Amino acid sequence: MKISNIKSIIIAGCLICSVNSFAQSALNDTLNIKEHEMEEIVVVKQREGTTRINSAMNGFQINKSELFKAACCNLGESFSTNPSVDVNYNDATTGARQIKLLGLAGTYVQMLTETMPNFRSSASPYALSYVPGPWMKSIQVSKGAASVKNGYESITGQINIQYLQPEDEEGITINLYGSTMARFEANADANLHINDRLSTELLLHHENEYSEHDGNDDGFIDMPKIKQWNAQNRWAYLGDRYIFHAGVGILKENRDGGQVEKHITSHDMPLYKIGIETNRYEAYMKHAFVLDKVHGTNIALMASGTLHEMNSLYGFKKFDTNDKNAYASLMYETNFTPKHNLSIGASMNHDYIKNVIERYPITKHDENGNINDDYLGRTKEGENFKETTWGGYAQYTYTQGTRWTAMAGVRLDHSSAYGTFFTPRMHIKYSPNSIISLRLSLGKGYRTVHALNEYGYLLASGRKLIIEYPLKQEEAWNYGLSTALNIPIANKTLKLNAEYYYTDFNEQAVVDYDTNIEEIRISNLKGRSYSHTMQVDATYELFKGLSLTAAYRRNIVKTTYNGVRMEKPLNNRYKALLTASYKTPLGLWQFDATLQLNGGGRMPQPYATDEKGTLSWQPSFKSYEQVNLQITRWFRHFSIYLGGENITNFRQKNPIINANEPFSPLFEPTMVWGPVRGAMGYLGIRINIGRL
């Protein structure tokens with residue numbers, strides 16, 4: 001009997017145990033017939049976890065299937081299987097983390113959420129924990145000088161986060177997670193299609209890490225206890241010639257760390273506590289008007305606003321900040337012909353920051369047990385900063401089939417704080433055949449430094465934090481050359497990639513640990529500062545279901561400190577990565593393993609702690625390895641994943657210097673170069689409820 005209509009719905013991540021029985025049951029339920037004739041077979045290829053972006057820029061996209069290879073509780077944990085992006089802790093007390101791309105800190109990476117700048121200034125030290133992993137649909141990473149469309153701030157690259165969309169398939173997904181470090185997370189996303197054009201989405205997240213874990217028994221919690229509530233409501237309207245997206249979000253987070261009371265034997269001094277309370281509110285909207293579908297002519301208006309309030313306590317130092325940002329962009333884009341594309345636009349960015357620092361007196365008992373509050377006087381400092389930047393850009397792209405792509409863009413911006421500046425960028429891609437692609441890029445980037453907000457975690461140190469105002473606007477050139485090879489071997493493709501990037505700073509805010517052991521000084525660059533990054537990686541499917549990736553990266557990063565050019569401290573000289581992912585033929589089981597080898601590096605200048613000349617720390621740190629494993633069992637409407645991180649149980653033995661004297665000038669928790677926690681296991685479940 002002939003089948004007139006067969007509808008197949010394949011949902012990524014929801015694999016069936018028996019394909020034949022499911023197909024038979026679905027047909028019987030729908031058609032209520034006894035006999036069927038198969039007219040066609042549809043073969044669906046599973047999307048790769050990481051795919052190269054098809055443009056003149058050197059970039060790649062991390063898809064859901066790649067994110068599922070690890071727990072990926074938040075953005076900071078989404079790069080564990082990636083050879084290009086590193087994520088490191090900044091200190092051992094606050095949990096502040098930063099991305100490193102091309103060997104440089106994450107402040108030089110422009111963070112975008114759906115192509116709009118976000119997570120700047122005060123949000124940057126903890127931004128990686130503000131994006132729950134289950135909320136992300138994909139992550140796009142562009143290396144080097146990126147497009148001028150999104151602004152002038154990209155120096156080493158851009159990371160764009162694509163959230164789940166309201167217009168995606170209707171249904172509810174729930175993700176529950178728990179670890180041996182007493183961390184629990186619950187996530188939910190729900191989509192509702194009100195009609196064919198209008199849809200809405202609700203994203204919810206809660207996490208609670210409540211254990212006071214002190215693995216090295218130094219009296220300090222290894223990681224702060226974190227409580228976070230995060231929610232977004234997003235809307236979409238998809239018309240024939242008008243598209244609208246909008247949303248609002250709210251985040252509340254508490255971080256509590258510091259000394260553990262049970263380890264304190266003397267009560268002459270109070271406990272050294274870390275407390276960071278964050279309230280963040282954000283809203284955005286996007287309007288797109290399609291003027292000519294044939295030529296892709298459209299006008300788009302985007303706008304966003306954020307309010308980031310953070311109240312923090314570092315021992316006896318209290319730092320409060322109120323950080324407001326408004327951003328708007330108007331863009332016009334058209335294809336004159338299939339070969340010629342033009343994009344022009346204008347943008348506005350406004351920052352208003354109010355900071356207050358207070359130094360509270362420490363309560364100390366005298367010999368008679370009386371309280372003396374004069375141990376340290378109380379001071380209070382305030383700081384306000386305002387900057388409005390207006391700018392415009394033009395970007396031209398020439399495409400000649402699959403062989404040549406050239407993209408050139410310029411920006412002209414005027415800052416109320418730094419005046420007018422010019423940003424040129426260029427990308428060229430040449431693919432003589434389907435096997436090889438060559439890319440060349442060069443461009444300039446600028447960045448306004450909000451030193452106290454971006455490096456606030458340094459207040460946890462006992463050293464004096466000295467910021468030499470006025471700090472100049474950071475300015476750097478970036479040059480890149482890369483090649484990608486797709487070599488057919490045994491009916492499969494070996495993917496090879498080699499790249500080199502050079503970043504040269506004209507102006508930079510330099511964090512100096514070396515010059516004075518009693519100070520951490522942030523000042524303008526006096527001399528040269530640069531980085532060289534070379535990377536080679538290869539991916540190959542050894543046999544059906546088993547994919548291997550191997551990578552090696554070398555970093556040479558040097559800066560001038562007090563007239564002497566030295567390696568940047570606490571920076572790994574190299575990284576080697578090996579990942580293996582195997583999925584069984586029916587797709588019911590998935591096994592993922594990652595091995596990282598992180599090279600050693602230079603420590604800041606040590607000092608003698610006693611008359612014997614004992615050093616506070618060694619002049620350098622050695623290489624170390626980490627192993628992550630995960631097993632996933634897929635069912636029709638849910639999956640269960642079990643895994644472990646840092647299986648080798650490697651951790652930095654003494655990440656906190658002088659932990660027994662936290663109020664002394666030599667207390668130093670920011671000398672972190674490796675993991676501060678040992679092995680950790682976790683268990684989670686993803687449930688797809690489907691349409692209501």
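The values are calculated or read from the model by the stated rules, or taken from the named source; none is laboratory data. Just so we're clear, the structure is a prediction, and the values are computed from it rather than from any experiment. Counting neighbours? That spans all protein chains shown, and the Cβs are built from the backbone with ideal geometry, glycine included. Surface areas here come from the heavy atoms of the whole protein model, side chains and all, with no ligands, DNA or RNA. Shrake-Rupley method; radii C 1.70, N 1.55, O 1.52, S 1.80 Å.
Collect the residues in region 223-240 that are in a loop (DSSP other than H, G, I, E, B) and within 22 Å of the chain's Cα centre (by Cα), keeping them in residue-number order. Break it down stepwise before answering.
Taking region 223-240 first, the residues in a loop (DSSP other than H, G, I, E, B) are 223-224, 239-240.
Selection gives Met223, Pro224.
Within region 556-567, take every residue that is of a type in the set (A, V, I, L, M, F, W, C) and in contact with a strand residue (DSSP E or B) (Cβ under 6 Å, 6 or more places away or on another chain) and give me the one that is least open to solvent (accessible area, probe 1.4 Å). Let's see the steps before the verdict.
First, pick out the residues of region 556-567 that are of a type in the set (A, V, I, L, M, F, W, C): 556-557, 564, 566.
Restricting the remaining residues to those that are in contact with a strand residue (DSSP E or B) (Cβ under 6 Å, 6 or more places away or on another chain) gives 556-557.
Numbers: Ile556: 59, Val557: 8 Å².
Only one residue tops the list, namely Val557.
So if I check each of Thr559, Thr539, Thr549, which one is touching a residue at least 40 places away in the same chain (Cβ under 8 Å), within 18 Å of Asn598 (Cα to Cα), among the hydroxyl-bearing types (Ser, Thr, Tyr) and out of contact with any Gly (no Cβ under 7 Å at 6 or more places or on another chain)? Give the steps one after another, and end with the answer.
On the way: Thr559 fails: within 18 Å of Asn598 (Cα to Cα); Thr539 fails: within 18 Å of Asn598 (Cα to Cα).
When all the criteria are applied, what remains is Thr549.
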Number of the condition not met by Leu629 [criteria: (1) closer than 19 Å to Glu66 by Cβ; (2) open to solvent by less than 50 Å² (accessible area, probe 1.4 Å); (3) among the hydrophobic types (A, V, I, L, M, F, W, C)]: (2)
Strands (runs of 3 or more DSSP E) enclosed by region 135-222 - at least 3 residues per element that are in contact (Cβ under 8 Å) with a residue 12 or more places away in the chain and within 30 Å of Tyr396 (Cβ to Cβ): 136-143, 157-163
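Of everything in region 458-478, what is open to solvent by 50 Å² or more (accessible area, probe 1.4 Å) and under 18 Å from Thr559 (Cβ atoms)? Give them in sequence order.
In the first step, residues of region 458-478 are kept if they are open to solvent by 50 Å² or more (accessible area, probe 1.4 Å); the result is 464, 468-470, 472, 477.
Across region 458-478, the qualifying residues are Glu468, Lys472, Trp477.
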Subset tally (residues that are in a strand (DSSP E or B) and either open to solvent by less than 20 Å² (accessible area, probe 1.4 Å) or farther than 18 Å from Leu101 by Cα (or both)) for region 441-450: 5
Pair list, Cβ under 7 Å, 6 or more apart: region 427-441 residue closer than 13 Å to Tyr501 by Cα and at pLDDT 95 or above, other residue in a strand (DSSP E or B) and small (Gly, Ala, Ser): Arg439/Ser482; Ser441/Gly480
Residues of region 320-336 that turn out to be over 17 Å from Ala394 (Cα atoms) and open to solvent by 60 Å² or more (accessible area, probe 1.4 Å), as a count: 1
Matching residues in region 451-495 - criterion: being more than 21 Å from Gly257 (Cα to Cα), polar (S, T, N, Q) and not in a strand (DSSP E or B): Gln473, Asn491
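Which residues, counting only those in region 57-78, are aliphatic (A, V, I, L, M) and either open to solvent by less than 10 Å² (accessible area, probe 1.4 Å) or under 24 Å from Tyr89 (Cβ atoms) (or both)?
The initial filter retains those residues of region 57-78 that are aliphatic (A, V, I, L, M), namely 57, 62, 67, 70-71, 75.
Listed by number, the residues that qualify are Ile62, Leu67, Ala70, Ala71, Leu75.
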Selection count, region 498-513, where residues are touching a residue at least 40 places away in the same chain (Cβ under 8 Å) and farther than 12 Å from Thr156 by Cβ: 7
All positions within region 411-437 that are within 16 Å of Ala346 (Cα to Cα), crowded, with 16+ Cβ neighbours inside 10 Å and touching a helix residue (DSSP H, G or I) at 6+ places or on another chain (Cβ under 9 Å): Arg411, Thr423
Complete set of residues in region 121-174 that are open to solvent by 10 Å² or more (accessible area, probe 1.4 Å) and touching a Cys at 6+ places or on another chain (Cβ under 9 Å): Ser129, Pro134
Answer residue from region 637-688, given it is among the aromatic types (Phe, Trp, Tyr) and either part of a loop (DSSP other than H, G, I, E, B) or under 28 Å from Arg521 (Cα atoms) (or both) and is least open to solvent (accessible area, probe 1.4 Å) among those: Phe667
Complete set of residues in region 568-597 that are over 19 Å from Val557 (Cα atoms), touching a residue at least 60 places away in the same chain (Cβ under 8 Å) and not in a strand (DSSP E or B): Leu586, Gly587, Leu588
Criterion violated by Thr493 - all others in (1) hydroxyl-bearing (Ser, Thr, Tyr); (2) surrounded by 17 or more Cβ atoms within 10 Å (Cβ to Cβ); (3) within 30 Å of Asn433 (Cβ to Cβ) satisfied: (2)
Which listed residue, of Leu586, Leu595, Leu570, is modelled with pLDDT under 95, within 25 Å of Arg651 (Cβ to Cβ) and open to solvent by 20 Å² or more (accessible area, probe 1.4 Å): Leu570
Any hit, region 69-87, residues being assigned to a strand (DSSP E or B), within 13 Å of the chain's Cα centre (by Cα), modelled with pLDDT of 90 or more and within 20 Å of Ile687 (Cβ to Cβ): yes
